[in-house]
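Asks: Here it is: the structure, laid out below.
Derivation of every value follows stated rules applied to the coordinates shown; laboratory data play no part. Since the structure is predicted, the reported quantities are computational estimates derived from the model, not experimental observations. FYI the Cβ positions are ideal-geometry reconstructions off the backbone, even for glycines, and counts take in every protein chain you see.
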Ligand SMILES: Nc1ncnc2c1ncn2[C@@H]1O[C@H](COP(=O)(O)OP(=O)(O)OP(=O)(O)O)[C@@H](O)[C@H]1O
Ligand SMILES: [Mg+2]
């Protein structure tokens, strides 16, 4: 059965779209059929991260309002996950059902649908959450992000998302040891969400949005692979030392 997984955060800029695009690429390289759904109307980024900007013609709102068929909006990507783009402009109407309808219509063609939510507890998040059964809550290891993650997890659980997992991004284990960032235990305690994995701070990620290059040997690559295996149901240890 297709799994639809929301990737969301409370506060913005913590790495949701990075996580969605990286996991999408890895799972697709492992032979899975993956659809990425960009829900960030007006601030979309997955097309850039996947190098597909030139291919964007329609989006899920066009399909919802009858301007195209939903299949016409999907960008088929030979070298990675398929992409269902977001509208380039912010939406004036709530269109609560737009993403859910799109995912339901397309899900049978995919093993996993990854839904990249906009930041915040907004109508855009509600629209994205309506299409998901599971959620990955992304947070960085600071008080403000963690408070946002806890609020987000509570909201999506109340909306019927059955399983939430925490992904800690941009982690610096040495800074946490010196008390400059929250520790992994503190993060789990404060969010009350079970841990899915940890991605280290890695300049290669930031540079890759400009250069397009991202080495499978970069600092974060192995951490992303371990998380992809866990999404596939494998029991992969945390290996905190490898995050240095
Ligand atoms: N582990 C990391 N190490 C270094 N830089 C990172 C890491 N993860 C993400 N970034 C950088 O952080 C910035 C924000 O990432 P991204 O756009 O994925 O966040 P977002 O949560 O989707 O933002 P928004 O809330 O605006 O949708 C980008 O410049 C990205 O390259
Ligand atoms: Mg984003």
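Asks: Would you calculate a helix-derived [θ] at 222 nm for the chain, using -39,500 (n - 2.57) for each DSSP H run of n ≥ 4 and dividing by the full residue count, to the nearest 500?
Replies: -10500 deg cm²/dmol
Asks: Suppose we keep just the DSSP beta bridges with both residues in the range 133-232; what percent of those would be antiparallel, to 5?
Replies: 0
Asks: Tell me whether the range 149-207 comes out rounded, prolate or oblate; compute the Cα gyration tensor, take square roots of the eigenvalues as a ≥ b ≥ c, and use a/c under 1.5 as the rounded threshold.
Replies: oblate
Asks: Can I ask one more? In vacuum, with every alpha carbon of the range 133-232 counted as one equal point scatterer, what does the Debye formula give for log10 I(q)/I(0) at q = 0.24 Å⁻¹? Two decimals, please.
Replies: Calculated log10 I(q)/I(0) at the listed q: -1.23.
Asks: Give me Rg/Rg_expected for the range 53-151, where Rg uses Cα atoms only and Rg_expected = 2.2 N^0.38 Å with N residues.
Replies: So the range 53-151 has a normalised radius of gyration of 1.16.
Asks: Size of the chain along its principal axes in angstrom, Cα-based, largest extent first?
Replies: Principal extents (Cα only, largest first): 55, 37, 33 Å.
Asks: Return one number: the angle in degrees, 0 to 90 and rounded to the nearest 10, between the long axis of the Cα atoms of helix 16-29 and the longest principal axis of the Cα atoms of the chain.
Replies: Around 80 degrees separate the two axes.
Asks: OK, next. What's the ranking of 198-205, 3-10 by average number of surrounding C-beta atoms within 10 Å, highest first?
Replies: Averaged packing, sorted descending, gives the order 3-10, 198-205.
Asks: Run the numbers on the chain and let me know its relative contact order in percent, using alpha-carbon pairs under 8 Å that are six or more apart.
Replies: 23
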